[in-house]
Structures are given as structure tokens and as C-alpha cells.
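Notes for the one structure printed next.
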Amino acid sequence: MAAAGGIVTTRLGLVGAAGAVGQELLGILTERRFPITELRAFGSRGGGEITHGGASVPLRALGPGAFDGLDLVFFATPAAVAREWAPRAVAAGCTVIDNSSAFREEPDVPLVVPEVNAATLRRPEPPGLIANPNCSTILLVLALAPLHRAAGLSRVVVSTYQAASGAGHRAVQELRDGVRAALEGRAFTAAALPHSLAFNLFAAIGTIDDQGSTGEEAKILRESRRILDLPDLPIDATCVRVPVERCHSESVTVELARDLSVDAARAALAGAPGVIVVDGDGPQPVDRHGRDEVGVGRLRRSRVFAPGLAFWLVGDQLRKGAALNAVQIAENL
């Protein structure tokens, strides 16, 4: 990175620029006036173009020398692409922020939600590779962290209600096509998702292991423990895909180490960065679309854990659950 007139400017690469998260990243970089002197956009095979700042940017193919001269590279790709190309970007002298699951469990790779554990970025040597957590994990830990600071976490039970866009553009279009087919009385076969989402939901996001848990549920367990620095925290997660286009929702019940009144918990959440408390019947996906903060509501005492609390949260998983979090990491750097 270079300094121009006291402002740090960045030669930036974006791998997966044409995808849902890549497009969201570009919009947020523009909104937050991230200082870019050069932008290189990479697609799966190259060809075509994207628009940034009113200008057309060609989509390049990945290949030898792709990252030479760049300072920072965002990866918004499947894990297999990141595993192959992110180390090459680091070797070329770039800092890499990866949105995939490829490196999240590597002990030497920081797994960061800036509002919760930005301190992991402050090392004697800046990290060359940083992992962006799973979208549902990001939304969850933003609410758990202030409660842990206030009263300590002993156990967490969470059910997620995850939008179609969490599986990409094709899944959103498939939801629309399936609803249209159902209303017209036509047969419909899902392709982008394992089952049709039209007037339906299913509790299997990722492969089910021999213990009956899915990959998505395992991510929430392992990543939340690491981000909160609570390696033994019991977390029971059930992840459900629902017929909503955008924004993930979560029903959460926590057991606390110390008693905490609803009013005190509300104050802790309201004062936490990245969180907004929504009164009445709580946040809804249609209200959180395009918003930075995670909305938390329906806060009440648990009827299972004592001391404990139950609450509902909703966040834009393409924004704070992916692209915004990655940009905030870059801003912290």
C-alpha cells in the first residue's frame, strides 16, 4: 500500500468479482470510499467486464503473474479456488482476505470479526492471509460477544433460518422459478439446491456427518469458539434453509455464568458495535436488507436456562455476513 497526501491507497484485486459476494464487495468499497488506485477483477474463466466507480473493468483469468504489484486481494470464490490461488497471492507479496471456508481452521490464519476480535490482526508481523468467518457465525457472535462480556457464556443453542442467497444467485432464481411453478400447478425440480424452496424449508445445509450434524452446523460451533476465544463453549446449532431471498435469521438461547436482567442485556447489546436492538416483534429480513447492523429483538429470560436469555436476530448475510466484514478487516489493516 502507498501513502498519497496522508491517505493510504491500495492496489486491489478481487477474485470472484462477478459473483454475489464480489458484487456486494464492490458496492461497499464504493460506499465507504475505500481508496483504490488500481482494481484488477478476476472471473472464473476471464472475459466480460464489471462496473466500478462508473467505469468498466475487464474480468481477467487467473494465471501466472496475476497478483504481481497488488497490495490487497479479496477472494469471493469457492474454497477450492481459494486453496489454489490465495497462497500464490500471498507469495506475490499481497495481503489476502478470503471469504471461503478454505483457511478458517488453520491455527496461523486469523479468523476475524472486527467488532469482536480485531486484536488478532495486531501482531508483530501483519498476517498475509486472513479468513472471513461463515456468514451465520458472524451474525451470531456479534450478539454473543456483548453478552459474554456482561455475564459470561456457559452454553448456546441456536437455530438458523438461512436465505436462498446464501447459496448464490442461482438459488435465488430457483426459489423464484419454483414459486412460480407451484402457483401455476407445474412440476419443478431443484438443481442449485438439494430440494425446492418454494413454500418449503429443509434442515440440511451441507453434508450430514455420521453424528447427524451438517457442515454448516460444525462451522458455527468451531468458528464461534475461536472468535470468542472460548474453545470449550458448548454450542448446539440447527441450520435451516428457508424461502427468503436475502438475510439470515437466528433463534438463540444462552445460558449465562452470572445473572443478567433483560434490561441490562438490552443495554449491553444496544451499546455493542454492529448491533441494533429492535423493539416490538423484533427484526425481519425485509427490514435488514442492505443494513450494516445485525438486528436483535424478542429479548427475554430463558425458560430453560437459569440464568439465561432468549432472543431473535436478523442480519444481511451478503453484507455484514460476508462483504462488509471483509472490507472492515481491510480497513483495520
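The values are calculated or read from the model by the stated rules, or taken from the named source; none is laboratory data. Since the structure is predicted, the reported quantities are computational estimates derived from the model, not experimental observations. No Cβ is skipped: glycine too gets one built from the backbone with ideal geometry, and neighbour counts run over all protein chains shown. Side chains included, ligands, DNA and RNA excluded: accessible areas come from the protein's heavy atoms. Shrake-Rupley method; radii C 1.70, N 1.55, O 1.52, S 1.80 Å.
Take region 69-113 and flag every residue that is outside any loop (DSSP other than H, G, I, E, B), surrounded by fewer than 20 Cβ atoms within 10 Å (Cβ to Cβ) and either touching an Asp or Glu at 6+ places or on another chain (Cβ under 8 Å) or without any contact (Cβ under 8 Å) to a residue 60 or more places away in the chain (or both). Passing the criteria: Ala79, Ala80, Arg83, Glu84, Pro87, Arg88, Val90, Ala91. On the basis of being surrounded by 19 or more Cβ atoms within 10 Å (Cβ to Cβ), modelled with pLDDT of 95 or more and over 28 Å from Asp236 (Cβ atoms), does Glu184 make the cut? Considered against the rule, which asks whether it is surrounded by 19 or more Cβ atoms within 10 Å (Cβ to Cβ), modelled with pLDDT of 95 or more and over 28 Å from Asp236 (Cβ atoms), Glu184 comes out as no. Do we have Arg170 as surrounded by fewer than 16 Cβ atoms within 10 Å (Cβ to Cβ) and in contact with a Leu (Cβ under 9 Å, 6 or more places away or on another chain) here? So Arg170 passes the test.
The single residue among Val242, Val254, Val262 that is open to solvent by 40 Å² or more (accessible area, probe 1.4 Å) and of a type in the set (A, V, I, L, M, F, W, C) turns out to be Val262.
The residues on offer are Arg303, Arg298, and the sole one that is free of Cβ contacts under 8 Å to residues at least 12 places away in the same chain, closer than 18 Å to Val157 by Cβ and open to solvent by 10 Å² or more (accessible area, probe 1.4 Å) is Arg303. With respect to being touching a Gly at 6+ places or on another chain (Cβ under 6 Å) and among the acidic types (Asp, Glu), Glu217 falls outside the description. Looking only at residues of region 114-133 that are assigned to a loop (DSSP other than H, G, I, E, B) and more than 17 Å from Val81 (Cβ to Cβ), we find that the one that is most open to solvent (accessible area, probe 1.4 Å) is Arg122.
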